[in-house]
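Structure first, commentary second.
Laboratory data are not the source of any read-out in this text; all were calculated from the coordinates shown. Predicted model only: the values in this text are computed from it and were never measured. Cβ atoms come from the backbone with ideal geometry, glycine included; neighbour counts cover every protein chain shown.
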């Protein structure tokens, strides 16, 4: 709002209000204005590719050839004595992986044949094989991954990041959520602002209809007529502001202007006509299986280009309790093109260094077999596994072509360089220039943080 | 770990060690900063002999005669981070360790004289002191005296248009009609204001308005939460109780007793049991593979924290893992509080509303006979018996049959007390129905592969569904009762239920006056509302104040502890609290006292000179401008457009929800759109599906109902603008308002006046009317121009705020 027009619009009502107060009112702070980080940052944005349900690490990133000799037989008790699983009993048989792994790129990062796209960007990603979490069920696991606690009601990482850094975008929300596949276990709790102001909650971009709920004008309301309505609303609100002088009124005037800018800029965001055919194909938009996730990956890049701080892609479901081989293949076919194209494309555009990409689920899957139909060997699947699973990161100050951490020969437990979910969160914040110990919010008499009472930065995976 | 016997080599005398002379000085030097009179980390006190032998929350620290088995020595000699003691600084010397080791090995004797009393704790914190009634005669007197000390003057009374809109929105959550406004503006009688208050307090919409903040505290929702997020078809029965109780002005002490322990009241009624549904609003994780012990523990934590927030204004949650850092509230106190709820169990009961029983009893014999006939026809008794045997067998032999193992896990997650029911011989009708229903819907591996049986079961289910749909079943309620197994409560070390510490019995926090009578939940409820409890009345009046002024006298209405804000007017808080108790805990009387005051009636006009001294308007030199709560924004547009369904209480409704919202939750949308009149019920009745909440409620700051919420935030976002501008609800209401005003006023000028009156409760100023006319002229070719005008009015800042 232009102060001069604001003032000239006042026919009366200034009363004893000082000019300075009105200026102050008109400048009501925008909670999403960019804020300075705690320290110099490599990453400006985050794209979290959330593979909901728990991808199978020993079929994708962490080969366990030793499982072959136990295949179909219960494992020695030394491996399974402390095992606590969601469905499977510890005496269940081992399940070897039929996947073919190979060292890829210059760096030799080992990736499964189910992920040919990712194999081609091996030198740009860092595979962490030593992730661990406490939760063995989906929703608690997702809460821990995103909010740092298995208790409900805490803010999620996207909310923390926009709270800490604001957003560079003036026309789009700072924290955007995209989804593909079925619904997730966590639903809205994965992108909630918890006890932070709701300004910081994730805004869902929908797959059909309006990309943002209620973005379009109602039927029969043209752009001009919407603008005319907004102008009248603004004039009346300004008169009200002049009468009352409450800065909250100025803030509402601003939020209506931002809403209008969102309406205007969203179509441009969604318009892929200036993307080349090669780009669209690279993201898998030419293929039914990969189109939905690929579209979201391309949107994620476009959002980051436009200054959006945190983009979360949720892809459900990787929860392969049964028919592992078939279902995992389907998930990989749907997502491999999109995720690998995203890394390539960000790199091509010079955005990879300033964008941290994180790929993974709330936990991994067991080396032992879960079978719900004993007469059909193809029914075999894997249960939830929290004590050693894989994720990968790329860009944003993370080293490429690296494999970090190790699990034991059967993949039950971590033998080197454990990375807890809180460590991942601390590292993500660090890349963004935020100190996870300092990014706090006082609630119920306590300074809460994303990493709860834990969190160590995983320095070996960071560029110097 | 270094082994203690090695220490003998280094020359400590093998003579018996004397506690006072040899051992105590070591503890004094190295331990009592954290384990002494001031602080007892993890419940352990080392400055006192008896306490040492009793140990801390993990149990006994010392096994007399066996140093090697004593936790005390294990920790002192460990080098494992997180376990070793002291946690930082130099290790104990070998000589010190030898002394302690020998003292334990020789019997760990302590002299009686060092035993100190460790019972009641004292605190100087203001909130724990008794409520003291100040001499002041009115709340205005206290507010004005405080303003005077800051050399501030109060604001004048607001005009009557503002007053009636403020009052009706605050008491009923609805805007006034133009007729109500005119009547009040023209009412010259001296008690016009009081009569208006009394009229609104008597309206049944009062309960709907005031249920909302209470339901926020009770974290009310219509679904379980977590992955499965199953719908709770009878959750509304508790909300129904709350609305009725508020409309009946049930005294708050009674309101408390019934919700905390209605099941334990002598001769308790169905309604009193329904009230305990407060505790059932907690989330339930029915994910098939859920860790049941962990899930129940999380529920108990949630229940304990909710009760502490709601009645005591205490952030007890901190003490789940350790002694409270700032308040005199130990981890043991926390688990003593939790024990009240650990000793309770979930019970579902029939809770029919008036008029349900007759048709039910009439239809019951035929319904039962028909059901039995169907079950027999489809051989369910035999099939189910076979299945049950397999299930019990699998339960007794885990790991033998992977397929049945899965069904055991799955049934346990989705049916409360599944294994207890499965093993029970004499099931009640209700219990038998639960098992049979589960079996017919989930026949499991035994029959899944039998195509014929599967087809038959499907046929049966269809017939049963049809039969059920015509049967006038009774409304049920989710309540609590005494737990049959009488579980013992243990302190969870570091808040982890997998590390149980010592056992505790139910009890009230010792920093507060003692509980009377036994240690039942009912005694606890009585303790909460005992006249000498310094917290409950203060916390309750403070939240009421917050609803009328946007800010509590204690701003942190959820935290009256040391980390919370201090009261802006301590005297006022006590004046209101004592007045509240003296008026037999009447909430309506409390509300009337507040809205009768001159402080409440002030204009909300912003004053820069006041804002400079008091930016948050804590001192109330003016009224506050308050954003209308999410539900009441909906209620207002429906009311104004005359589309609101005025029905009070009853089931939740699912108004239109755009496609793609409900689908984000696990297993697809659970939204079954309500059609007809019920789609236009008030916001408080909107079905709250925890994982996919209703967008209007989310956008306008309604809490997510996972934890107790004592105050809503008030945000101001572009999504709110889009919601008000483009949500079909508001467009439809704008349309209805255009139709309404067209019928009520003819000439354009009169029609603007009417529409403005209806939405904002006052006539437009000339300048405002001019702006609206300008819009009308410019858009005159648009046939929907009056809808457009209504839409503008619904989007004004003044409309979504109350002055």
Exercise: per-residue mean of other protein chain Cβ atoms within 10 Å, B:286-293: 5
Helix-only CD estimate at 222 nm, as mean residue ellipticity for chain B, using -39500 (n - 2.57) per DSSP H run (n ≥ 4): -14000 deg cm²/dmol
Output ordering of B:675-683, B:745-753 (per-residue mean of other Cβ within 10 Å, highest first) is B:675-683, B:745-753
If R0 = 51 Å, then residue B:29 and residue B:149, at their Cβ-Cβ distance, give a FRET efficiency to the nearest 0.05 of 0.55
Let me know the mean shielding of B:389-400 by other chains, meaning the per-residue number of their Cβ atoms within 10 Å of its Cβ. 1
Can you put B:195, A:372 in order of Cβ neighbours within 10 angstrom, beginning with the fewest? B:195, A:372
Please report the antiparallel percentage of DSSP beta bridges with both residues in chain B, rounded to the nearest 5. 95 percent
For helix A:324-348, report the angle its Cα long axis makes with the longest principal axis of the Cα atoms of chain A; keep it between 0 and 90° and round to the nearest 10°. 50 degrees
Fraction of antiparallel bridges per DSSP, the protein assembly as shown only, in percent to nearest 5: 60 percent
Roughly speaking, what is the stretch gain from residue B:124 to residue B:499, that is 0.36 nm per residue apart minus the C-alpha to C-alpha distance, in nm to one decimal? 131.6 nm
Using r as the Cβ-Cβ distance of residue B:385 and residue B:677, and R0 as 35 Å, what FRET efficiency do you calculate, to the nearest 0.05? 0.15
Least to most buried among B:466, A:102, by other C-beta atoms within 10 Å and fewest first, runs B:466, A:102
Test of understanding: what is the full-extension gain from residue B:452 to residue B:179, defined as 0.36 nm times their sequence separation minus their Cα-Cα distance? 91.4 nm
Grab the Cα-Cα distance for residue B:583 and residue B:467, subtract it from 0.36 nm times how many residues apart they are, and report the gain in nm with one decimal. 36.6 nm
Once the Cβ-Cβ distance between residue A:271 and residue B:426 is put in as r, and R0 is 60 Å, what FRET efficiency do you end up with, to the nearest 0.05? 0.30
So for B:505, B:371, A:162, fewest C-beta neighbours within 10 Å to most, what's the order? B:505, B:371, A:162
Could you tell me the relative contact order of chain B? Use alpha-carbon pairs under 8 Å, at least six residues apart, and round to a whole percent. 18 percent
Just checking the output field for B:404-415: average partner chain Cβ neighbours within 10 Å of each residue's Cβ? 2
Sort B:181-189, B:541-549, A:221-229 by packing, meaning the average of other beta carbons within 10 Å per residue, with the highest value first. B:541-549, A:221-229, B:181-189
By average C-beta atoms within 10 angstrom, highest first, the peptides A:299-312, A:398-411, A:263-276: A:299-312, A:398-411, A:263-276
Okay, helix-only estimate at 222 nm for chain A: each DSSP H run of n ≥ 4 adds -39500 (n - 2.57), divide by all residues, round to 500 deg cm²/dmol; what do you get? -10000 deg cm²/dmol
With a ≥ b ≥ c the root eigenvalues of the C-alpha gyration tensor of the range B:59-171, is it rounded (a/c under 1.5), prolate (a/b larger than b/c) or oblate? prolate
